Amino acid sequence: MATVLSGNGAAAWGFRLSRVQCYPYYPITPSTACSQQISRWVNDGAMNTVTINAESEHSAASQIIAAGKDVRSGTATSSKGLLYMIEVLENAAGGSIPCGLFIGNRATGAPINIWADNSDAYAMRDSGLIQLFAADGQEALDNIIQGYRIAEDLGVRLPFAVNLRGFTGTHAYEGVEIPQEIDVDRYLPPFAPLNPLFAPEKPVTYGAMLSATFYRRHKRNQMAAMSNVAEVALKAGREFGEIFGRPYGLFEWVGDEKAELVVALMGESASPGDAVTRHLQGKRGIPGVALLKIRLFSPFPAREIAQALAKAGTKALVVFEEGLHHGAVFPPLAQRIATATHLHLGTDAPKVASVIGGLGGSEVRQDHFQQMFNLADNIAEGRPYRTEPYWLDIAEDPIFAESEKEAAPQLWKRWGEVWKKQARKEKYFDPLPKNTEEIRIYSRAGQGAITSAVGFTGAGIESGLQLLTVPAFGSERRGAIITTDTLVNDRGKRKIRSFNRAWDVVILYDDTILSSPEHNVLEGLKEGGVLLVNTSRLRVTKIREILSASESRLRVFTVPASEIAQGLGLSHLNMAMLGALHRVYEKVPFEKAFGYYEKHVPRPRESSLEAIQQGHAQTTDREAVRAKKERRLVVSGDFLDWRPEDHSYDLWPTALEEIQLG
Amino acid sequence: MYNILYNRHIGTTPHSFLLPDPVLDVGEYGAILTTGLSSGHQGCTGCGMVSGTNQVLKALKLTGKHVVASIGTGCNEVITTQNTSCWGNVSVDHNNFPNTGATLSGNVAALRALARAGAASPDAFINLGMAGDGGTYDIGLQALLAWIARGEDGIYVCLNNQAYMNTGVQGSGATPYGTHTSTTPFGKLIRGNQRTPQYLPDLALAAGASYVATACPVQHRDLMIKVQKAAAIEGPCVVEIYSVCPEGWKSETDVFHEITEWALQTRSWILYEAERDRKTNTVLFTLNHVPEKHVGVADYLKLQERFAGMREFPEMVERAQEVIESRWSFWQPVLQANGIQGGDKAHEL
Ligand SMILES: Cc1ncc(C[n+]2csc(CCOP(=O)(O)OP(=O)(O)O)c2C)c(N)n1
Ligand code: SF4
Ligand SMILES: [Mg+2]
């Protein structure tokens, strides 16, 4: 049975199940929640780990390296925090210390930006760590356990890092299978130190100074250990599959076996790519397509990837990545792939183009992959293409441009000839079939929307559906408008992590959002979709009027959630909104869900459950008229009350705690 | 080490022992006419830090000098610089989180270099450093102490909200004992933050600061006088400002004043200042405020849910009281000299 966890929560489970003995940490968005979860377990006595509230990442890294000689150690960080660790991380690699890092990938600035890209992972690529990329929380959890297994192998003994894209990975709540402790114990034996410090019988010295003769030998050995990784990782991934039913390779191939056109990438951004690839796969009138999802970035499995491309008969390879390599021809992943294919396949190597996107939290969408496959198609046909990266979503520098008007003049001067010969082909751009139903909440930070969406996700998963909730927020303080998106997939087993952004239901936690100049709540709302508004003062017709929306455009429901919450003495209206959601959206059956809420709802439980009931009962699409003037709730942070009892907070994370970032 | 000398007089005056003339007593009126932060900041409702920063800038405005602010990452920076700047005509240099002291040093050096080249007069500028408690007590301590040790002219303001707020309330080196934060949760086994905080003025004095002071935005006259003194006194000056944070303290947004008053009443926050006379290696300590009544720390724990767990445990409350009493005991000579027994005015009667 899957449990609803955020990517950070899943990573925390990875450390917990690996029985990490020493875990120093320093907060930084977007990976902090992993350390918060571990602190919570430790303070409750659920996890037996020595934690250190470090005073900087430099210290946290120093501490895992110090402790990592005698015990299993790990930590989590991101962005500048990782950069601050880099000065010491070489000592882990050079000292053969198999400690583990979880990285919630984030931009490194300047300008300061707390959102996702791979700049931090790329900055550490010369620090000597094994680097794995996870596509979701489940993979983060699994990779941390496998990471220790690989890192501690006697033929390897190197530190490792598991990367997960910030927010869409670290803050996405979805069903995660938490492995059984006894199985993990079977898979990952207790830490066996090689040259411990606390060993009076055999004192050792770390960090000795070596002259050139010894230094170069040492470095050569370190590289040799790195080159053992692929084989060890393959075995570890296979055995992981045998025990847990989820086998791992060095990369994953999605799509046609024979694929002329391939898009390669790493990590969570594969989610929309996955949907597009499956849609284009086997489609008439276009060549074979595949998505190459690379899991092991360092050491780069050059030979294996080259072989896979040769076997598939790939002609054009577009490499998508969320990071830069200043001053180089290609960014790091494209460069590694280009070198690999060139070395191993010579003149048979596919042509390689580089695309940069997803920087600083830029969305990675389905249409980007449609563009990239179209680009690959053009390249495979022998049309000219750029020898330097393409960029996504830069208006004056599009991938396809037919006339001078569509691009900046200098760029047209430089690339006009290439642009003119490129063809945008409509067959790549059909809208994708909508296999999911999607709900968007607009709320104000502090209203508890994320918590309610996470609860809804848990209830949906328990009723056998597949759900994913991704809150989109940043450095907003209380009161700012944020969105929380939930995707419901009832089409069987295949995981879908990609939003079509066509909302079946849009929810407003606050009727003032209707008139927010920055938010068009109708945007993306399907024809005939549902708009659910928390209000005691606005009638359904008034809401239509404000939006100038016809009867057929949308169905409007209202619920006096603030009033309900107030009546019950609750400081949050989210439980009433949760009940209301069940009224307008019945895919997750209310009766069943309520059973879930009875077990997991935040305190005060009685009132929360009552609020859910009342929210459900008082939701209406009629002209609800209320005499009472609405009083806005003061959002108070009843922090401790939000901590569900026992260990159920594992199941319903206190999303509230994650709301602030920096 | 340094010799300790107490000022017999309790209270805040514009006079400094290091300055020939008093600074402007601007607290009540003058400052209101000046502008601090411009509108549009994104701080939470009831944020104490916004008020603190505002008052610092207002006080500095009255010196007539141009402020160059080196600010560290944290709430203060994030809420005032997002896609815009709320700093009016202050020049702002945000250069990461661990290095506010070093950035300050760099800007002091630039000013000196400009002065050497005859391109600027040092007297026309104020170098201001600003960071949160995390950026000061923890990750930024090395850079801060090194800046102080260099003896450079400038003001460093620490906005102390007693945790890492910008990243969602994690425990810092300034988090009080027993506090529930997201990394020091009040658990079944370990109850909240187990450490007792260090004190910035102690650290700064040990490193050689010319002037240190604690302040709070509710006592705005006191705060602004102190900032003015820091601006006038030569060498490194450090001002630490108590910053109510409804988000991290889990308090209502409209009890900013009450919480601060309780902090002062219970001596959880002590207002004082200290000036260093380098010739005699003496530091003169002035206590600025003595509570009216003797109030136990339990009252301070009331309005803030971050203490909800610890207030249920008498032994924890007692421990918190001990921390306060041991800190307060430093002021015994002053209290005695003023005929205040037992540490508060009530005992006088
Ligand atoms: C090297 C580095 N580590 C971590 C961070 C993340 N970070 C940004 S602000 C902040 C907390 C700031 O806390 P504090 O200094 O107390 O200021 P506050 O936000 O509480 O005002 C952290 C941990 C960072 N920006 N850089
Ligand atoms: S989190 Fe605290 S310090 Fe930060 S803006 Fe909000 S109230 Fe102010
Ligand atoms: Mg702080």
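From the residues in segment B:128-138 that are open to solvent by less than 10 Å² (accessible area, probe 1.4 Å) and either assigned to a strand (DSSP E or B) or touching an Asp or Glu at 6+ places or on another chain (Cβ under 7 Å) (or both), which one is farthest from B:Gly74 (Cα to Cα)?
B:Leu128
Could you figure out which of (1) out of contact with any strand residue (DSSP E or B) (no Cβ under 6 Å at 6 or more places or on another chain); (2) away from ligand 1 (no atom under 16 Å from the Cβ) isn't true of B:Ala231?
Here B:Ala231 meets the rest and fails (1).
Can you tell me which residue is farthest from B:Asp123 (Cα to Cα) among those in segment B:35-69 that are more than 20 Å from the chain's Cα centre (by Cα) and within 16 Å of ligand 2 (Cβ to nearest atom)?
B:Thr45
If you check A:Ala576 against the conditions, is it surrounded by 24 or more Cβ atoms within 10 Å (Cβ to Cβ) and part of a helix (DSSP H, G or I)? Give the steps one after another, and end with the answer.
Details: surrounded by 24 or more Cβ atoms within 10 Å (Cβ to Cβ): yes; part of a helix (DSSP H, G or I): yes.
Here the answer is yes, as A:Ala576 does meet what is asked.
Among the residues of segment B:164-178, which ones are on the phi > 0 side of the Ramachandran plot and within 12 Å of chain A (Cβ to nearest Cβ)? Steps first, please.
Taking segment B:164-178 and keeping what is on the phi > 0 side of the Ramachandran plot, we get B:168-169, B:178.
Selection gives B:Gly168, B:Val169.
Does B:Leu111 satisfy the condition of being in contact with a helix residue (DSSP H, G or I) (Cβ under 7 Å, 6 or more places away or on another chain), more than 16 Å from ligand 2 (Cβ to nearest atom), within 14 Å of chain A (Cβ to nearest Cβ) and of a type in the set (A, V, I, L, M)?
no
Would you mind finding the one in A:Gly128, A:Gly104, A:Gly95 that is away from ligand 3 (no atom under 16 Å from the Cβ), more than 14 Å from chain B (Cβ to nearest Cβ) and closer than 24 Å to A:Tyr248 by Cβ? Show your work before the answer.
Numbers: A:Gly104 fails: more than 14 Å from chain B (Cβ to nearest Cβ); A:Gly95 fails: closer than 24 Å to A:Tyr248 by Cβ.
Sole residue among the options that is away from ligand 3 (no atom under 16 Å from the Cβ), more than 14 Å from chain B (Cβ to nearest Cβ) and closer than 24 Å to A:Tyr248 by Cβ: A:Gly128.
Report, by residue number, each residue of segment A:525-571 that is under 30 Å from A:Ser608 (Cβ atoms), in a loop (DSSP other than H, G, I, E, B) and of a type outside the set (Ser, Thr, Tyr).
A:Arg537, A:Leu538, A:Arg539, A:Pro560, A:Leu568, A:Gly569, A:Leu570
Can you tell which of B:Val92, B:Val68 is more than 15 Å from ligand 1 (Cβ to nearest atom), open to solvent by 50 Å² or more (accessible area, probe 1.4 Å) and aliphatic (A, V, I, L, M)?
Of B:Val92, B:Val68, the one residue that is more than 15 Å from ligand 1 (Cβ to nearest atom), open to solvent by 50 Å² or more (accessible area, probe 1.4 Å) and aliphatic (A, V, I, L, M) is B:Val92.
If you check B:Thr253 against the conditions, is it within 14 Å of chain A (Cβ to nearest Cβ), among the polar types (S, T, N, Q) and either at positive phi or surrounded by fewer than 21 Cβ atoms within 10 Å (Cβ to Cβ) (or both)?
The answer is yes for B:Thr253.
Can you tell me how many residues within segment A:325-339 are touching a His at 6+ places or on another chain (Cβ under 6 Å) and open to solvent by 10 Å² or more (accessible area, probe 1.4 Å)?
Counting residues in segment A:325-339 that are touching a His at 6+ places or on another chain (Cβ under 6 Å) and open to solvent by 10 Å² or more (accessible area, probe 1.4 Å) gives 0.
Filter segment B:241-250 down to the residues that are more than 12 Å from ligand 1 (Cβ to nearest atom) and open to solvent by less than 10 Å² (accessible area, probe 1.4 Å), then identify the one that is farthest from B:Lys302 (Cα to Cα).
Checked segment B:241-250; the qualifying residue farthest from B:Lys302 (Cα to Cα) is B:Tyr242.
For segment A:17-65, which residues satisfy the criterion of being of a type in the set (A, V, I, L, M) and more than 11 Å from chain B (Cβ to nearest Cβ)?
Answer for segment A:17-65, where residues must be of a type in the set (A, V, I, L, M) and more than 11 Å from chain B (Cβ to nearest Cβ): A:Leu17, A:Val20, A:Val50, A:Ala61, A:Ile64, A:Ile65.
Would you be able to tell me the number of residues in segment B:306-331 that are more than 27 Å from B:Val212 (Cβ to Cβ), open to solvent by 30 Å² or more (accessible area, probe 1.4 Å) and touching a residue at least 60 places away in the same chain (Cβ under 8 Å)?
Number satisfying all stated conditions: 1.
Which condition number in (1) in contact (Cβ under 8 Å) with a residue 60 or more places away in the chain; (2) open to solvent by 10 Å² or more (accessible area, probe 1.4 Å) is the one that A:His342 fails?
With respect to (1) in contact (Cβ under 8 Å) with a residue 60 or more places away in the chain; (2) open to solvent by 10 Å² or more (accessible area, probe 1.4 Å), A:His342 is out only on (1).
Quick check on my filter: what residues within segment B:139-160 are more than 12 Å from every other protein chain (Cβ to nearest Cβ), in contact (Cβ under 8 Å) with a residue 60 or more places away in the chain and open to solvent by 10 Å² or more (accessible area, probe 1.4 Å)?
B:Leu145, B:Arg150, B:Gly151, B:Glu152, B:Asp153
Looking only at residues that are of a type in the set (Lys, Arg) and more than 19 Å from the chain's Cα centre (by Cα) in segment A:351-383, which one is most open to solvent (accessible area, probe 1.4 Å)?
If we take residues in segment A:351-383 being of a type in the set (Lys, Arg) and more than 19 Å from the chain's Cα centre (by Cα), then A:Lys351 is most open to solvent (accessible area, probe 1.4 Å).
What number of residues in segment A:1-22 are assigned to a loop (DSSP other than H, G, I, E, B) and in contact with an Asp or Glu (Cβ under 7 Å, 6 or more places away or on another chain)?
Step one: of segment A:1-22, the residues assigned to a loop (DSSP other than H, G, I, E, B) are A:1-2, A:18-21.
When the remaining residues are screened for being in contact with an Asp or Glu (Cβ under 7 Å, 6 or more places away or on another chain), the result is A:2.
So the count comes out to 1.
Please state which of the following conditions B:Ala59 fails to meet, knowing it meets all the rest: (1) part of a loop (DSSP other than H, G, I, E, B); (2) at pLDDT below 95; (3) buried (at least 24 other Cβ atoms within 10 Å of the Cβ).
Result: B:Ala59 passes all but (1).
Only one residue in B:Gly46, B:Gly40 is within 14 Å of chain A (Cβ to nearest Cβ), away from ligand 1 (no atom under 16 Å from the Cβ) and in contact with a Ser or Thr (Cβ under 8 Å, 6 or more places away or on another chain). Which one? Show your work before the answer.
Details: B:Gly46 fails: away from ligand 1 (no atom under 16 Å from the Cβ).
Result: B:Gly40 is the single residue among B:Gly46, B:Gly40 that is within 14 Å of chain A (Cβ to nearest Cβ), away from ligand 1 (no atom under 16 Å from the Cβ) and in contact with a Ser or Thr (Cβ under 8 Å, 6 or more places away or on another chain).
Among the listed residues B:Gly106, B:Gly118, which satisfies the condition of being open to solvent by 10 Å² or more (accessible area, probe 1.4 Å), out of contact with any helix residue (DSSP H, G or I) (no Cβ under 7 Å at 6 or more places or on another chain) and not in a helix (DSSP H, G or I)?
B:Gly118
Looking for something within 14 Å of chain A (Cβ to nearest Cβ) and farther than 22 Å from B:Glu325 by Cα - is there at least one such residue anywhere in segment B:190-205?
yes
Condition check: more than 14 Å from chain A (Cβ to nearest Cβ) and buried (at least 18 other Cβ atoms within 10 Å of the Cβ). Does B:Thr280 satisfy that?
When the stated conditions are applied, B:Thr280 does not pass them.
The values are calculated or read from the model by the stated rules, or taken from the named source; none is laboratory data. Note that the coordinates shown come from a computational prediction; the quantities given were computed from them, not determined experimentally. Positions of Cβ are generated from backbone atoms using ideal geometry, with glycine treated the same way; all protein chains shown enter the neighbour counts. Areas reflect the complete protein model, heavy atoms only, side chains present, ligands, DNA and RNA absent. Shrake-Rupley method; radii C 1.70, N 1.55, O 1.52, S 1.80 Å.
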